[in-house]
């Protein structure tokens, strides 16, 4: 199935818009075929994971992609079913940049079930491949595709992976060219998390929340927490009934550390007050 929603282009190695990050590879593509906006190629965060993703893996892909794209950082992935596709979908949902790197030609929807998302990425992001128009994916083209995902990113975040997993190919390429590798830890009882847990054991940086990802990428972790956990819902909850931090955390589905950070910011801004019994309430004006 072909999709031709927007104008196509071809970049030659050495062209002004050809991603300089590809020069870190031992075998940069001589040509790059694509749709969409070539100016967003490079400086992204690769977010990849299991094709047979669990609800946990999908939620992680969605959570980290929403924040990343919201900061204007391109979310780079491979449009595979599961975590990859959810990453693209999440980036699109906030109007952020996203890049899909395909194993076949950029005009060939692969997998076919990704057609709806890819049609939107071609318009609002970029769909690229080193394979010419009309090329069907081959077994050998997937690991070659993975090296491009790694090269276009400052770091790789694995949100969920079993054993064996194609994400290890992307991680290997990332390490080979000096990119950071992060991984979201999962349950020791879940086979879908054995690959990501192994990456951590082998040296990948564990990422458990937005503030940790933000700090790893050079952003202010406190400001990132406020972006994810907006003070407005917290104020609304406390206006209904004063609460202790642990009760508020349960009410808002927040972790206690993030809850205390938001409470601290609101208290410093003179919006709330801490009562002698440990509860927080809104200052009425």
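What to note about this one:
So that you can scan it fast, the table gives a plain yes or no per residue for (1) surrounded by fewer than 22 Cβ atoms within 10 Å (Cβ to Cβ); (2) in contact with a strand residue (DSSP E or B) (Cβ under 6 Å, 6 or more places away or on another chain); (3) modelled with pLDDT under 95; (4) within 26 Å of residue 162 (Cβ to Cβ):
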{"residue": "60", "(1), (2), (3), (4)": "no, yes, yes, yes"}
{"residue": "70", "(1), (2), (3), (4)": "yes, no, yes, no"}
{"residue": "77", "(1), (2), (3), (4)": "no, yes, no, yes"}
{"residue": "85", "(1), (2), (3), (4)": "no, no, no, yes"}
{"residue": "90", "(1), (2), (3), (4)": "no, no, yes, yes"}
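- Listed by position, the strands (runs of 3 or more DSSP E) enclosed by segment 22-86 that each have at least 1 residues that are over 13 Å from the mean Cα position of the chain (by Cα), in contact (Cβ under 8 Å) with a residue 40 or more places away in the chain and assigned by TED's automatic domain parsing to the domain that holds residue 120 are 31-36.
- Within the span defined as segment 199-206, every residue fails to be modelled with pLDDT under 85 and either assigned to a helix (DSSP H, G or I) or crowded, with 17+ Cβ neighbours inside 10 Å (or both).
- Scanning segment 212-237 for residues that are closer than 18 Å to residue 255 by Cα and at pLDDT 90 or above yields 212, 213, 214, 215.
- Selection status of residue 267, at negative phi, touching a residue at least 12 places away in the same chain (Cβ under 8 Å), outside any loop (DSSP other than H, G, I, E, B) and under 27 Å from the mean Cα position of the chain (by Cα): no
- Test: residue in segment 214-229 that is in a helix (DSSP H, G or I), touching a strand residue (DSSP E or B) at 6+ places or on another chain (Cβ under 7 Å) and surrounded by 22 or more Cβ atoms within 10 Å (Cβ to Cβ): no
The values are calculated or read from the model by the stated rules, or taken from the named source; none is laboratory data. Note that this is a predicted model, so its numbers are computed, not measured. Backbone-built Cβ (ideal geometry, glycine too); neighbour counts: all protein chains shown.
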